[in-house]
Amino acid sequence: MAARAPRARRAARGEPCPVDWGDYAADVHRWELITGRPAPYPTQPGRHGRPVLAPPFVEWLMGLPPGWATAEHLDLPRTAQLRALGNGVMPQQAAHALRLLLDDLTHLHRPRCHPPASTPRDTTSRASRPAPARGGSTRPPGAARTSTAARGRRSGTRSRR
């Protein structure tokens, strides 16, 4: 029986070789239908002849148009292409995040609901209601306020006047 050349070497020589996607075959096919283009070969021969991850495959997985990070005119080495793709965001993921943010903003900026006209108004006087809490201070109630100069003396620093 003749020994077969590894897939990456056959692909480098331009020989067609099908990819066995195994358990992922249905998912790869579905993504091919969604993107409208066939899956590129997932590996390419590395400098030492061993297969390494192919940037066009990563680009395809992310749903980016061909050449987004792998175009010849960009003159990027394979490692820079993979770094750019790895630091990028999938367009579908970004669109989903923006939709969620816009929904939150829309919800936050809706006018407050007014009580229905049939409900009686609150008759308690403003003086009998507790005062709204005011934020900003972390001092316990009754604690004295310290001047800026006193804080400087305590910390060993002096103000420059």
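For the set His96, His107, His73, the ranking by accessible area, highest first and with no ligand, DNA or RNA atoms included, is His73, His107, His96 under a 1.4 Å probe.
Computing FRET efficiency as 1/(1 + (r/R0)^6) for Ala80 and Asp104, where r is the C-beta to C-beta distance and R0 is 41 Å, gives about 0.70. Taking amide H atoms as placed 1.01 Å from N in the peptide plane, the amide H of Val52 lies under 5 Å from those of Gln44, Gly46, each 5 or more residues away in sequence or on another chain.
The values are calculated or read from the model by the stated rules, or taken from the named source; none is laboratory data. As the structure is a computational prediction, the values presented were derived from the model and not from experiment. Here Cβ is always computed from backbone atoms with ideal geometry, including for glycine, and neighbour counts include all displayed protein chains. The accessibility values were calculated without ligands, DNA or RNA, using every heavy atom of the protein model including side chains. Shrake-Rupley method; radii C 1.70, N 1.55, O 1.52, S 1.80 Å.
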